[in-house]
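The values are calculated or read from the model by the stated rules, or taken from the named source; none is laboratory data. Being a predicted model, the structure only gives us computed values, none of them experimental. As a convention, Cβ positions derive from the backbone with ideal geometry for all residues, glycine included, and neighbour counts pool all protein chains shown.
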Amino acid sequence: MKSEEIILRPVVTEKSTTIREKENKYVFIVSVKANKLMVKQAIKDLFQVTPTQINIINVKGKKKRVRYKYGYTAAYKKAIVTLAKEDKITIFEGA
């Protein structure tokens, strides 16, 4: 897989912004087929930084109802990437 296919989009929420500022951890939505090694290589290729730790979280789809029919939202995979103190990813900085 290409790096662009592994890292789908960044997560920008209050919680992800807090851990980014305090602990230098970045959160991304990644492909459901990706593993830690693939995510690490994709971060190196796309942002030219070296991750020190990768945590992967599988998020299950939630049960939803529309009128009288039930269904599920899509399941996805989330990666929390820890960087060294001197490294930054500029897309989160807004510059």
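If you go through segment 49-74 and keep only what is loosely packed, with under 13 Cβ neighbours inside 10 Å and not in a strand (DSSP E or B), you end up with 50, 60, 61, 62, 67, 68, 73, 74. Before we move on, is residue 68 of a type in the set (Ser, Thr, Tyr) and at pLDDT 95 or above? It is false that residue 68 is of a type in the set (Ser, Thr, Tyr) and at pLDDT 95 or above. The criterion of being aliphatic (A, V, I, L, M), touching a Ser or Thr at 6+ places or on another chain (Cβ under 9 Å) and at pLDDT below 95 does not hold for residue 38. Within segment 75-89, the only residue that satisfies the criterion of being in contact with a helix residue (DSSP H, G or I) (Cβ under 8 Å, 6 or more places away or on another chain) and not in a strand (DSSP E or B) is 89. Considering only segment 40-94, state which residues are farther than 19 Å from residue 18 by Cβ and charged (D, E, K, R). Answer for segment 40-94, where residues must be farther than 19 Å from residue 18 by Cβ and charged (D, E, K, R): 40, 44, 45, 60, 62, 63, 64, 65, 67, 69, 77, 86.
Is it true that residue 4 is in contact (Cβ under 8 Å) with a residue 12 or more places away in the chain, exposed (fewer than 14 other Cβ atoms within 10 Å of the Cβ) and either charged (D, E, K, R) or assigned to a helix (DSSP H, G or I) (or both)? It would help to see each step written out before you state the result.
On the way: in contact (Cβ under 8 Å) with a residue 12 or more places away in the chain: yes; exposed (fewer than 14 other Cβ atoms within 10 Å of the Cβ): yes; either charged (D, E, K, R) or assigned to a helix (DSSP H, G or I) (or both): yes.
So residue 4 fits the description; yes.
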